[in-house]
1. Of everything in the range 176-232 that's of a type in the set (G, A, S) and assigned to a loop (DSSP other than H, G, I, E, B), which residue is surrounded by the most Cβ atoms within 10 Å (Cβ to Cβ)?
2. Looking for whichever is touching a residue at least 60 places away in the same chain (Cβ under 8 Å), among the hydroxyl-bearing types (S, T, Y) and over 21 Å from Y39 (Cα atoms) here; the options are T274, T241. Which one fits?
3. If you scan the range 290-306, which residues turn out to be in contact with a strand residue (DSSP E or B) (Cβ under 9 Å, 6 or more places away or on another chain) and either free of Cβ contacts under 8 Å to residues at least 40 places away in the same chain or under 18 Å from L238 (Cα atoms) (or both)?
4. Within 26 Å of L32 (Cα to Cα), in contact with a Gly (Cβ under 7 Å, 6 or more places away or on another chain), surrounded by 13 or more Cβ atoms within 10 Å (Cβ to Cβ) and not basic (K, R), is that true of G94?
5. Restricting attention to the range 251-295, and to residues there that are under 18 Å from K225 (Cβ atoms) and β-branched (V, I, T), which single residue is surrounded by the most Cβ atoms within 10 Å (Cβ to Cβ)?
6. What number of residues within the range 143-194 are polar (S, T, N, Q) and at pLDDT below 95?
7. In this structure, does K132 turn out to be farther than 20 Å from P185 by Cα, assigned to a strand (DSSP E or B) and in contact with a strand residue (DSSP E or B) (Cβ under 7 Å, 6 or more places away or on another chain)?
Amino acid sequence: MPLLRRLWLGGLVLTAAALAAPAPAAVLDKYLPEDTEVYLSFSFQQVFSSGLAKKLGLDKAKDALKDAPSEITDVLKDLNLDPFKDIESLSVAGPGGDAPDKGLIILKGTFDVAKFKERADKALKDNSDVVKSSKVGDYVVYEVTIPGQDAALFVCVADKNTILASPGKDYVADALKKIDGKAKPALKSKAFQAVLEKMSDKQALSMAAMGSALLKGQLAETPAKEVLEKLDAVGGGLTMTDDLKLEVVFTAKSADDAKDIEKQLGDGVNNALTIVGLLAGGQKELGVVLDLLKSIKVKADGKTVSLKGLLDADAIDKILKKDL
């Protein structure tokens, strides 16, 4: 399965339990492909700076990295990269569907461009069968063959704050044309652009998609097709502070479709409660997810269906202190 499709499908699974309602005045990322109709973004900094992450012990991952295999620690050292400090966010955007060469990965952070080039040039010399390079204007684009994947990945360090990657070289080339940021970002789908512009940039996990774009892919071959055919768009994200907050907004094609989606979502939440309840056992982290699911309310209003859940800091503390 192509890498971008895996990321999109993974994001859609997460969306079932972790989406937040649109909030005003998000800034559209200038690198987004013009054909974007599916979008997923994860903010590492939002997560690791949250009080909840510290309670769940996610900060211990920093210590675990020190004991990682030398193949990993040596690369990070060569790149002068601290993933917990230097990586800000990872976004995936594109038209959806199963085309293996469509879509763009945007990695934001603080990168030592010289170190990345030095490491890439070494890979070109030592592993010429795995890494190749070509030029797009003044930029070097590296073609990396990934074991087990259907196609290569084209990667470019655009500047000290952005790394671009795609299974299609044209997507990287088109993104590089936007690096000066003079042109206002514009998508072919104005309806989807409006969805993205209403999303909050304060979320740990953000996702949006057009129903028609989701029907292009493998979800059209699952029971989810019945819901997707009634859906215009979905957008939102997960907010992590000391609290854990989620909402999702679905826009249906009609009020009757909204009622059907409301029922399907309600049934889905109940099924998720059963599954997570069985898995939770003595795992306090899953206990947080379980109680969040218990707090979810689904409501249809006209053509809009909202899904909301909230765990405040006190509720989370009680979960983490008790034996599950």
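The values are calculated or read from the model by the stated rules, or taken from the named source; none is laboratory data. In this text the structure is predicted, and so the values were computed from the model without any measurement. Note: ideal-geometry Cβ built from the backbone for every residue, glycine included; neighbour counts use all protein chains shown.
1. In the first step, residues of the range 176-232 are kept if they are of a type in the set (G, A, S); the result is 181, 183, 186, 189, 191, 194, 200, 204, 206, 208-209, 211-213, 217, 220, 224.
The next check asks that each one be assigned to a loop (DSSP other than H, G, I, E, B); those that pass are 181, 183, 186, 189, 200, 204, 217, 224.
Numbers: G181: 9, A183: 9, A186: 10, S189: 18, S200: 16, A204: 25, G217: 20, A224: 18.
Applying the filter and picking the extreme gives A204.
2. Working: T274 fails: touching a residue at least 60 places away in the same chain (Cβ under 8 Å).
Being touching a residue at least 60 places away in the same chain (Cβ under 8 Å), among the hydroxyl-bearing types (S, T, Y) and over 21 Å from Y39 (Cα atoms) holds for just one of T274, T241, which is T241.
3. Those that are in contact with a strand residue (DSSP E or B) (Cβ under 9 Å, 6 or more places away or on another chain) and either free of Cβ contacts under 8 Å to residues at least 40 places away in the same chain or under 18 Å from L238 (Cα atoms) (or both): D291, L292, L293, K294, S295, I296, K297, V298, K299, V305, S306.
4. Against the criterion (within 26 Å of L32 (Cα to Cα), in contact with a Gly (Cβ under 7 Å, 6 or more places away or on another chain), surrounded by 13 or more Cβ atoms within 10 Å (Cβ to Cβ) and not basic (K, R)), G94 qualifies.
5. Applying the filter and picking the extreme gives I261.
6. Here is the first cut: in the range 143-194, the ones polar (S, T, N, Q) are 145, 149, 161-162, 166, 189, 193.
Filter again for at pLDDT below 95, leaving 145, 149, 189, 193.
Adding up the residues that qualify gives 4.
7. yes
Let's see how each residue does on (1) within 26 Å of T145 (Cα to Cα); (2) without any contact (Cβ under 8 Å) to a residue 60 or more places away in the chain; (3) touching a Lys or Arg at 6+ places or on another chain (Cβ under 7 Å):
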position	(1), (2), (3)
S166	yes, no, no
P185	no, no, yes
S200	no, no, no
A208	no, no, no
S212	no, no, no
Q218	yes, no, no
P223	no, yes, no
L228	no, yes, no
